[in-house]
Every structure is written in C-alpha cells, then in structure tokens.
Amino acid sequence: MKIYILGICGTFMAGIAQLARELGCEVAGSDANVYPPMSTQLEQAGIELDQGYDAVALPDDCDVFIIGNAITRGNPQFEAILERGLRYTSGPQWLYETVLQKRWVLAVAGTHGKTTASSMLAWILDDAGLDPGYLIGGICQNFSQSAKLGSDPFFVIEADEYDSALFDKRSKFIHYHPRTLILNNLEFDHADIFEDLAAIKRQFHHLVRTLPASALVIVNHDDEALRDVLAMGCWSQQSSFSSIDPNADFFLDEQNTLHQGPDSHALELSQQGQFNALNASAAIIAARHAGVSIERSLDTMRRFTGVKRRQEVIAEINGVKIVDDFA
C-alpha cells in the first residue's frame, strides 16, 4: 500500500508514518516545516519528505492520503485531493482500522501526564516481555522511537482529546476503543476548539460510552471533573487511585507507598514529585489489568529513565541541575 501523509512532522502523524512503514507500506509526506530531529527520524525510516504543500508533489498512484489535524481548507494539497476525488482519511481513523481494531488497546487520557504515563505503561509491558505496540507523543528514553507496531495483543496509546481532522471534529480518542483506559485528570484546555470545560467533559463521556462492559476505567478519584464524567454514565469496570482518599481502590501516601486494601508497595522513581508518582500508580494499575503483577511493575519502574523534555536533567554544573521541561 502507498500512503501519503499531510502534516507528517507532527509527533502523532510521524508515529503513524513509522507504524505504516513497519507494516510494509510505502510512505511519503509533506509538512510546512521539515527539520530535525523529526525529519531525521522519518528519513532514517525510509520515508520521503516534501517541504511545503505544493499540489504538484502529490503522487498519482497513492492508495490513501492521511490528513493531519493541522491541515485546513485552502491547503493546496488538500484542495487538490478534493478536486481529484482521491481517497483520504484522518490519522486516528487509519490507526484504528489498520492497527488497533484487533488489539488490546491501553489508552492514557487526561489534560496532563499522558506522555509520561503512557511511556511508563509501555515500558512496564515491554520489560515484562510482552512486546507491546505503542504510539506516544514524546520520546521515552527507555525506547529508541516514539512508535512501534509490537506484537499482539497489547498496544499502548497516548489518547488525545484534540480533534481528529478538519472533516472529523470528534476527539482523537473516540476512534481507539480501549479495553484499558486511564483517566488521569481533566481541566479546561484547547480553547481554540472547546468552548468550556463542559464541552471537554462531553468528549470524555463519549469516550467512556465506546468501552465494552469488560473494559477497565482507571480513574483519578481526586479529580472532580473526572468524577462528573463518570457520573454521566459508565458501563465498564472501574478502579480508582488517589493521593487524598484512603478509601480509593489504590491509595498513594506521602511516602510514595501504594496501598491496595491491606497490601502496601513502596514506589521508587527517579522522577520527582507526587504528580509523577500518580502517573506511575496509574500505569501500574493498567499493567495489572494486562496481567503484569504489581511487584513486577514496581521493580520495572525503578529503571524508568523518563521522557525527553519532561523534567529531563540535561546537565549539572557546580551542584545546579539544568532541567528541560516542555510541558
């Protein structure tokens, strides 16, 4: 199959490109800004890149065009695709139909912590020998790439609430149909497409509505907005985690001890802060749903080296740490 991707240098679309290459597809694409490190990573995967959106660059023999959500009407290539009646789809739709449909999808959703928590979860499953697939919106330092096809059944995905494409205004995560879902937190974000927090809650509710009864929703019990989402209706199993309420299914205390009923587990991380400890707790609970014991996950997390540009220590000079943090 021959695929051409508009907006290929975005983190998500670049991941789509890498997965398509692993599947044996011939992949090329375009972007307004083609530069390292993403351009280097794609070119090393054998993916041809076009700078800019010149309609002349569109291949005539392409099976499908995948349209990134940064593409708008008036884009010369997209206008040419419409005029010629060529087949096109969104990245999330292609991902579900081609990769996720027959996989056990473990999705990480929320305003903050998606990249870190999904990296932690993929690392736990990988270290357990399960060879998961993954598509993460950052570069986990335990891996050499941000996307991998992996083996059946498990696939970890950073589940973004931003819209899918100019012709599909549903959140990306509506397409993923996870069997394991982490709901990390929920705040007002993406003011360019959402009117208010209530509009985002509706999208999260729609996500929950796509889950089968056998699915597990792992929810941050401390987040009021997420409690509101589940109050709209949840037809799947639930497991809660908290750093405030000891009555949650999993309680993380101030010493980073994770309590599950009478059982207690010491959580050791190289990453700083309670937020990262909660990310790790959610990942451990999700991995447990996939069959990895809590004890095994805790051991694995001791060797989690973090995500580039997420509290990444890039130097220490005269006792002063220099930290690069994108988020």
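The values are calculated or read from the model by the stated rules, or taken from the named source; none is laboratory data. On a predicted model such as this, the values are computed, not experimentally measured, just so you know. When we count neighbours, we look across all protein chains shown, and the Cβ atoms used for this are built from the backbone with ideal geometry, even at glycine.
When residue 208 is tested against (1) outside any loop (DSSP other than H, G, I, E, B); (2) more than 17 Å from the chain's Cα centre (by Cα), just one condition goes unmet, and that condition is (2).
Identify, from the list 280, 290, the residue that is touching a residue at least 24 places away in the same chain (Cβ under 8 Å) and either crowded, with 22+ Cβ neighbours inside 10 Å or more than 21 Å from the chain's Cα centre (by Cα) (or both). I'd like the intermediate steps shown before the answer.
Details: 290 fails: either crowded, with 22+ Cβ neighbours inside 10 Å or more than 21 Å from the chain's Cα centre (by Cα) (or both).
Only one candidate qualifies: 280.
Within region 42-60, identify whether any single residue is surrounded by fewer than 12 Cβ atoms within 10 Å (Cβ to Cβ) and touching a residue at least 40 places away in the same chain (Cβ under 8 Å), and answer yes or no. No: region 42-60 contains no residue that is surrounded by fewer than 12 Cβ atoms within 10 Å (Cβ to Cβ) and touching a residue at least 40 places away in the same chain (Cβ under 8 Å).
Of these, 30, 90, which one is among the polar types (S, T, N, Q) and either under 27 Å from residue 311 (Cα atoms) or in contact (Cβ under 8 Å) with a residue 60 or more places away in the chain (or both)? Walk me through how you get there before you give the answer.
On the way: 30 fails: either under 27 Å from residue 311 (Cα atoms) or in contact (Cβ under 8 Å) with a residue 60 or more places away in the chain (or both).
The match here is 90.
Taking the conditions (1) farther than 22 Å from residue 222 by Cβ; (2) in contact with a helix residue (DSSP H, G or I) (Cβ under 7 Å, 6 or more places away or on another chain); (3) not polar (S, T, N, Q) in turn, residue 113 satisfies each one other than (1). What is the one condition in (1) without any contact (Cβ under 8 Å) to a residue 60 or more places away in the chain; (2) in the same structural domain as residue 117 (by TED's automatic domain parsing); (3) among the basic types (Lys, Arg) that residue 321 does not satisfy? Failing condition for residue 321: (2). Has region 28-41 got any residue that is closer than 24 Å to residue 158 by Cβ and within 19 Å of the chain's Cα centre (by Cα)? Within region 28-41, one or more residues are closer than 24 Å to residue 158 by Cβ and within 19 Å of the chain's Cα centre (by Cα). Condition check for residue 320 on (1) farther than 27 Å from residue 170 by Cβ; (2) loosely packed, with under 13 Cβ neighbours inside 10 Å; (3) modelled with pLDDT of 95 or more: one failure, at (3). In the set (1) of a type outside the set (Ser, Thr, Tyr); (2) within 20 Å of residue 41 (Cβ to Cβ); (3) touching a helix residue (DSSP H, G or I) at 6+ places or on another chain (Cβ under 8 Å), the condition left unmet by residue 128 is number (2).
Residues of region 114-169 that are part of a strand (DSSP E or B) and under 14 Å from residue 22 (Cβ atoms): 133, 134, 135, 147, 148, 155. Applying the condition of being part of a strand (DSSP E or B) and hydrophobic (A, V, I, L, M, F, W, C) to region 171-198 and asking which residue is surrounded by the fewest Cβ atoms within 10 Å (Cβ to Cβ) yields 183. For region 241-258, a tally of residues being more than 15 Å from residue 227 (Cα to Cα) and assigned to a strand (DSSP E or B) returns 5. The strands (runs of 3 or more DSSP E) falling completely within region 3-111 that include 3 or more residues that are not hydroxyl-bearing (Ser, Thr, Tyr) map to 26-31, 48-51, 64-67, 104-109.
Look at (1) in a helix (DSSP H, G or I); (2) within 19 Å of the chain's Cα centre (by Cα); (3) buried (at least 20 other Cβ atoms within 10 Å of the Cβ) and you find that residue 275 fails only one, number (3).
Residues of region 298-311 that are touching a strand residue (DSSP E or B) at 6+ places or on another chain (Cβ under 9 Å), touching a residue at least 60 places away in the same chain (Cβ under 8 Å) and not hydrophobic (A, V, I, L, M, F, W, C): 305, 306, 308, 309, 310.
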